[in-house]
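Shown next, in structure tokens, is the structure this report addresses.
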Amino acid sequence: MQHDLFLTQFRDPSVSAEPSRYADAWRVGDWTTDSGARSGDYATGLASSRFPYAALGGRSIVVPPPATNDALASNRAYEPNGLDDRQFAALISPACRSAFGMTYASAGALYSVHIYALRPTCDDAELWYAQTEDARLLLIDKVGAAEVGNALIEQWAWPTGVLIALVLDLRRVTDKYGHRGIRFATLEAGELTQLLRERAHKMGLISCALGGFADADVLRLLRLSPDWYGVAIMIGVGQGRANA
Ligand SMILES: Cc1cc2nc3c(=O)[nH]c(=O)nc-3n(C[C@H](O)[C@H](O)[C@H](O)COP(=O)(O)O)c2cc1C
């Protein structure tokens, strides 16, 4: 595979100033059987998770509630068809370099997060890579549709219009920042998630972040080495199911 050959330079330990211990640290957070099973005693929802401060001198400022259109509600009921090329390109557009630079923040301007996307076809799935430097989506491989489903803990996420995987380049970011670089890259992936979900919303598509996936299986699908890369988050994007 062409991209596999290309990536071998990143797997050569002599290329990196640091050993892969940072990647090992990241791997501690890989999905395990109890990752989603702990219930704890926490109530969910915003009100119950805020601190009960008393305002000093009773001073507080009333904030107007968000407009309905501000809401990026998670939606998990997708039509199973892949997005067409035009929609796919429009979705990725805000993550690309333009004449005025990039549209989101990156520590040290390293841009250490790669965007991969899986798109279902009739009988398999296409693997795409966003070459954001020159604003292009590259088809880099084909994978079995069942393989994608099998790599997910959450089955609602496949098939969708596209299933995005945001991949941290752990070598790149830790060579510059050490362990702290992992935090930086994770935050960058958060910005990208927001950017892509907002674009999806503007396009009339639904989306949901997905932390429930088998890390090693997803990396295998993307043909990436666990020694240097980590999947921070996946995002399902697509047309909402008409009868949902
Ligand atoms: C980092 C992260 C990981 C998430 N992983 C999942 C997931 O694996 N499965 C899922 O159904 N929702 C997932 N979500 C979506 C949350 O469940 C959702 O945002 C939350 O329930 C609030 O609902 P709302 O987004 O509709 O307001 C994830 C959200 C974030 C930020």
- Fewest Cβ neighbours within 10 Å first, please rank Cys96, Cys208, Cys122 accordingly. Cys122, Cys96, Cys208
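Do the sum for the chain: with -39,500 (n - 2.57) for every DSSP H run of n ≥ 4, divided by all residues, what is the mean residue ellipticity at 222 nm, to the nearest 500 deg cm²/dmol? Don't skip to the answer; put the middle values down first.
Working: 7 runs with 69 residues, N = 244.
Only helices count here, giving -8500 deg cm²/dmol.
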- Task: Using the number of other C-beta atoms within 10 angstrom as an exposure proxy, rank Ser98, Ser93 with the fewest first.
- Result: Ser98, Ser93
- Item | Charge dipole of the chain about the Cα centre (unit charges at C-beta), most positive-ward option of Pro52, Trp26, Phe184 | Pro52
- Packing-based exposure ordering (other Cβ within 10 Å, fewest first) of Thr186, Thr103: Thr103, Thr186
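Please report, in debye to the nearest 20, how large the charge dipole of segment 136-195 is about its Cα centre when each Lys and Arg carries +1 at its beta carbon and each Asp and Glu carries -1 there.
On the way: 7 positive and 7 negative charges, 55 e Å.
Here segment 136-195 has a charge dipole of around 260 debye.
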- Query: Given +1 on the Cβ of Lys and Arg, -1 on the Cβ of Asp and Glu, and no further charges, what dipole in debye does segment 89-244 carry about its Cα centre, rounded to the nearest 20?
  - Reply: 400
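Readers should treat all values here as calculations from the given coordinates under stated rules, not as data from a laboratory. No experiment lies behind these values; they were computed from the predicted model shown. Positions of Cβ are generated from backbone atoms using ideal geometry, with glycine treated the same way; all protein chains shown enter the neighbour counts.
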